[in-house]
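Just below is one structure, and these are the notes that go with it.
The values are calculated or read from the model by the stated rules, or taken from the named source; none is laboratory data. Only a predicted model underlies this, so the values are computations on that prediction, with no experimental measurement involved. Cβ placement follows ideal geometry from the backbone for every residue including glycine, while neighbour counts extend to all protein chains displayed. For the accessible areas, the whole protein counts, side chains as well, though only heavy atoms, and no ligand, DNA or RNA atoms are used. Shrake-Rupley method; radii C 1.70, N 1.55, O 1.52, S 1.80 Å.
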Amino acid sequence: MDRVKSSMQQVPNAIPKALIRRTTGAANSLEVEKENFERSQAVSINKAINIQEVAVKEKHARTCILGTHHEKGAHTFWAAVNRLPLSSNAVLCWKFCHVFHKLLRDGHPNVIKDSMRNKSDLSDMSRMWGHLSEGYGKLCSIYLKLLITKMEFHIKNPRFPGNLQMSNRQLDEAGESDVNNFFQLTVEMFDYLECELNLFLNVFSSLDMSRSVSVTAAGQCRLAPLIQVILDSSHLYDYTVKLLFKLHSCLPADTLQGHRDRFQEQFKKLKSLFYRSSNLQYFKRLIQIPQLPENPPNFLRASALSEHISPVVVIPAEASSPETEHMVETEDLVDTDIPVQAAVETQFDDLFGNSAATDPFNFNSQNGLRKDDKDRVIEQLTREIQALKEELESFKLESGRLCQALRGRVSELEAELAEQSHLRMQALGESEFLRAELEDLRRVREDTEKEQRSLTEIERKAQANEQRYTKLKEKYSELVQSHADLLRKNAEVTRQMTVAQAAQDEVEAVRREMQEKVKATQEAADKQELDQVQQLQELQRELLSSRAELDGLRDTVTSSQQSSEELASQLSGLEAQKAELAQTLSEKEEELTGLGEQLEHVQSVLTNERESGVKAAEVLQNQLNEKESREQVLESQLLATRWAALQGAVEEAERIVQDSLTQIDDPAHISCTSSADYLASRCQASLVCVDRLHSARDVYLADHTGVSELVRALTQLAHLVGDTIVQGSATSHMVPVEQADALSDSVKACGAETLALLGQLKQEDSLAAADSTTLRGALGAILATAETLRPKGLELQQGELGDLVEQEMAATSAAVESAAARIEEMLNKSRAVDSGIKMEVNEKILASCTELMQAIKVLVLSSKDLQRDIVESGRGAASMKEFYVKNSRWTEGLISASKAVGWGATVMVDAADLVVQGKGKYEELMVCSHEIAASTAQLVAASKVKADKDSTNLVRLQRASRGVTQATAGVVASTKSGKSQIEEKDTMDFSSMTLTQIKRQEMDSQVQVLELETKLQRERERLGELRKKHYELAGVAEGWGEEEGTG
């Protein structure tokens, strides 16, 4: 009971307070909303930019980006950032640069303009951090320079959005069709990309790549801003390539040499950085980084632009995680359009009820303070509006999430498509690379064979050296043997000298003995002088003989001494010869040792080379096998793709023919009419296309490579047959009933036979057996019917001039189109057969001829429009045929000019065909070009002779005439250039000629010059006479004399 009383005392006071808060909340809702916005932005900025060395969270950065779009500027962001101590903490400054870079890319466009006010502060901060040579200080300085460069670039080029996403048309509009603007824009993009690459390189150089830095918080803090750099760099690279191709099409190649060199340097850096980034684990889950091609684009070849693939950076859709699930904070979920007081009141009404009539505690109603019905309706509508707003916000959030998911899926599919194209190009590049490796392997094999031959030569030399060594060894053995013999001879001589010395000693002993005997004999003689006189005489005789013998022994000793001296001198000579031989032997042994070492080294090197060659051959053979398997897979895929393209073309052709058959049954088609002449021309073109289709079918069946020609033939056949069906039905509306029925039946039969033929071509097993005989018969029946319906008589009547003008103009257009088609076929044949300079010359000549045909086609169309204006303005109440009859001479001039243009186009294509095949002359092509220019000038003169000066079609005709003149000049210029490249100029070498020979050659040259000048003069006179006769015949044919006589 007490609780009830207390509630009864409290409730009456609560309701008036709620009413007061409601009125005050409505008045201050804008201020509260602004305060809540600034508070939430300040919280998000402080959470995103802090001193913790971790990566910036995406939800805080996204809140800052949404804030710039909410207030359409960056005032709140800079108001919060200016209060941060960016100059005192490098990590804080680094994370500020990251968030600011995101705002410049994805924020409101006014962020760049609002941020330019702080450019000087950013420059000062960059210089201040630049004094540090390592850590975050140096990175902050480089990052601030990049952001300043980005702001300046977007201020100078306001057409570029912050995220740099532009189409090709927008890129062309950015240069305003001025080559100077494109030149300057390319330089600015080079500077911009240079700053991006500088930051890229410095971040990588500051990290220790030997460890897994991408999984650490500090490493992710440094790597996170590189995602924005990758996004900017991919667009800058793509736009730079396209702008350089555009500049090379307008300026000489030498002028752009500096641009190409700078692009080559940046291409190498960007390719290396993209490759290194794609291998980091941190980037693999956040972004899909594209890979640049193996080689940079060749800007000197205009067709290389079609090979360029724009790099696509894909950011996958974010997976659900605890971080992403709570991205929207509590304060973001509160609708700031509803005041806080209104929310409190809503909760109060939900708790106590909102009906004053049924509230037992509403003492105001008891006291007569009842709300009127109008207030209740307002409150009810307010609640309904609030509920609808909440529902609308939920729908917006859901649709936003769905759109984001769809965009992510589209981006993924585009990236997959680009990746598949890149893989295809990479496979082609690998195929070319493997072919080059195969050629290198062949060259290596040839080099190996050469080395084998050189090894054989070395072995032969080694055998020769070994033979020399054997001979030297034998000679050394002989020297050793001779030395031993000399030693033995020396020992014998020494022994002989010893014997001689012993003999001399014996002689001395005999002499002493004889002296003793003489003394004894003298003593005995003294004693027995008388008794031994006879003995004395005998002894004297013995003495004489002894002395003779002694003299002989002395002579023998003397000769022995002389022979010993001679032997000593011979021994010394032998000793010297022995020393020389020993020295020579040592040198030969050293040389032989060196040769042996060289031989061992060569054998080891040869063994290593053989082993490496065998291993390389095995590796290359494996690569070759892998390449062949890949080529087989690619070939099968290519065949499947070609067959799919052919089936698509056949299905499209069936739809075209079926649409034509459906169109002739349409009641609205009854009012359409056509002529038999035009129907006959369509039938003839269809028959020619059937022949072309069979030729293309045979080429395709031969090697399955000519699918493009078969697809073109199918498409052309479908259009021509469809046109024949429609024109045949329209012609049947102008003829009698019996002939009309026959013609309609023939047209429907032609359509049915065409569908049957296309059905055979659609099946792979019946492609070779497809027969067009019945289709030819149906077309022949239509052509025969058209011939019978054509007006009889070969003489041209005055009433047929109008039809003849239209026919000649149509024939001229057909001749020009046929010439353009033939030029395209010649270009394809030249690309398949020729190569090198000849292919380049043929491409230039045929490209200029194609431009001339296009210009002539534009001229013929402009002439038709001008003639239509002339007829409409000059015929009055008369019909078109009557106007042509009245102005028959003018009409005949148009017919003659049209014939001349068509004839000139045909002749020029024939001349170009002969030139491409190497059978024609370049001068013929130049003359044909001048003849076409003269014929088109005649057509222009005949068309504008009756035209109004202020006619817009006349201005178009004159512009088309100038285009034909420029295209003619292009044909002549390309022909002259090709002639100068193809023709070889012989060098004049007179060094080996004598004075008399040179004088003789000089006289012969003068004679030849005089003969050529005489021949030139005669040809000029003949040309003048031919032109006179041509003018006379043209005047007679077109009645110039009659007009002058009547005039």
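Here is how the numbers come out for the structure above:
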item: Residues that are open to solvent by 70 Å² or more (accessible area, probe 1.4 Å), under 27 Å from A415 (Cβ atoms) and in a helix (DSSP H, G or I), drawn from segment 265-296; result: K268, Y275, R276, Q281, K284
item: Yes/no for H69 being surrounded by fewer than 16 Cβ atoms within 10 Å (Cβ to Cβ) and modelled with pLDDT of 90 or more; result: yes
item: Cβ pairs under 8 Å, 6+ apart, first in segment 617-645 and touching a residue at least 40 places away in the same chain (Cβ under 8 Å), second of a type in the set (K, R) and exposed (fewer than 15 other Cβ atoms within 10 Å of the Cβ); result: A617/R445
item: R62 being open to solvent by 70 Å² or more (accessible area, probe 1.4 Å) and modelled with pLDDT under 90; result: no
item: Single residue of segment 939-954 satisfying the filter (under 48 Å from the mean Cα position of the chain (by Cα), under 30 Å from D910 (Cα atoms) and buried (at least 18 other Cβ atoms within 10 Å of the Cβ)) that is modelled with the highest pLDDT; result: V940
item: Condition broken by S303, with the remaining ones in (1) within 11 Å of the chain's Cα centre (by Cα); (2) of a type outside the set (K, R); (3) outside any helix (DSSP H, G or I) satisfied; result: (3)
item: Candidate set: segment 32-59, residues that are in a helix (DSSP H, G or I) and of a type in the set (V, I, T); chosen: the one least open to solvent (accessible area, probe 1.4 Å); result: I45
item: Some residue of segment 676-696 being at pLDDT below 80, exposed (fewer than 15 other Cβ atoms within 10 Å of the Cβ) and part of a helix (DSSP H, G or I); result: no
item: Per-region count, segment 700-725, residues part of a helix (DSSP H, G or I) and under 19 Å from G648 (Cα atoms); result: 18
item: Scope segment 949-977; condition of a type in the set (S, T, Y) and either under 20 Å from V860 (Cβ atoms) or in contact with a Ser or Thr (Cβ under 6 Å, 6 or more places away or on another chain) (or both); matching residues; result: S951, T952, S961, T965, T968, S974
item: Boolean, Q958 is modelled with pLDDT under 75 and under 50 Å from the mean Cα position of the chain (by Cα); result: no
item: Any chance S744 is part of a helix (DSSP H, G or I), open to solvent by less than 70 Å² (accessible area, probe 1.4 Å) and in contact with a His (Cβ under 7 Å, 6 or more places away or on another chain); result: no
item: Of the criteria (1) open to solvent by 10 Å² or more (accessible area, probe 1.4 Å); (2) in contact (Cβ under 8 Å) with a residue 60 or more places away in the chain, which one A702 fails; result: (2)
item: Output for segment 653-675, where each listed residue is open to solvent by 40 Å² or more (accessible area, probe 1.4 Å) and in a helix (DSSP H, G or I); result: E654, R655, Q658, D659, T662, Q663, P667, A668, I670, S671
item: Search result, residues across segment 592-604 that are open to solvent by less than 90 Å² (accessible area, probe 1.4 Å) and without any contact (Cβ under 8 Å) to a residue 24 or more places away in the chain; result: T593, G594, G596, S604
item: Of residues in segment 726-737 being in a helix (DSSP H, G or I) and of a type in the set (V, I, T), the one most open to solvent (accessible area, probe 1.4 Å); result: V737
item: Checking E384 against (1) surrounded by 12 or more Cβ atoms within 10 Å (Cβ to Cβ); (2) modelled with pLDDT of 80 or more, the condition it does not meet; result: (1)
item: Criterion violated by E753 - all others in (1) open to solvent by 50 Å² or more (accessible area, probe 1.4 Å); (2) assigned to a loop (DSSP other than H, G, I, E, B); (3) under 18 Å from T785 (Cβ atoms) satisfied; result: (2)
item: Residues of segment 72-118 satisfying the condition of being open to solvent by 60 Å² or more (accessible area, probe 1.4 Å) and either of a type in the set (K, R) or within 41 Å of the chain's Cα centre (by Cα) (or both); result: K72, R83, D106, P109, K113, R117
item: T607 modelled with pLDDT of 75 or more, open to solvent by less than 80 Å² (accessible area, probe 1.4 Å), of a type in the set (V, I, T) and part of a helix (DSSP H, G or I); result: yes
item: Selection count where residues are under 26 Å from P225 (Cβ atoms), out of contact with any strand residue (DSSP E or B) (no Cβ under 6 Å at 6 or more places or on another chain) and either charged (D, E, K, R) or in contact (Cβ under 8 Å) with a residue 24 or more places away in the chain (or both), scope segment 273-313; result: 20
item: Unmet criterion (only one of (1) farther than 23 Å from L861 by Cβ; (2) in a helix (DSSP H, G or I); (3) at pLDDT 65 or above) for E882; result: (3)
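Residues are listed down the side, and each one gets a yes or a no for (1) out of contact with any helix residue (DSSP H, G or I) (no Cβ under 8 Å at 6 or more places or on another chain); (2) hydrophobic (A, V, I, L, M, F, W, C); (3) loosely packed, with under 14 Cβ neighbours inside 10 Å:
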| residue | (1), (2), (3) |
| --- | --- |
| L441 | no, yes, no |
| V444 | no, yes, no |
| E449 | yes, no, yes |
| Q452 | yes, no, no |
| L455 | no, yes, no |
| A462 | no, yes, no |
| Q467 | yes, no, yes |
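Residue-by-condition table, conditions (1) touching a residue at least 12 places away in the same chain (Cβ under 8 Å); (2) of a type in the set (A, V, I, L, M); (3) out of contact with any helix residue (DSSP H, G or I) (no Cβ under 9 Å at 6 or more places or on another chain); (4) surrounded by 14 or more Cβ atoms within 10 Å (Cβ to Cβ):
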{"position": "L132", "(1), (2), (3), (4)": "yes, yes, no, yes"}
{"position": "L146", "(1), (2), (3), (4)": "yes, yes, no, yes"}
{"position": "F153", "(1), (2), (3), (4)": "yes, no, no, yes"}
{"position": "K156", "(1), (2), (3), (4)": "yes, no, no, no"}
{"position": "Q170", "(1), (2), (3), (4)": "no, no, yes, no"}
{"position": "C195", "(1), (2), (3), (4)": "yes, no, no, yes"}
{"position": "F200", "(1), (2), (3), (4)": "yes, no, no, yes"}
{"position": "G219", "(1), (2), (3), (4)": "yes, no, no, yes"}
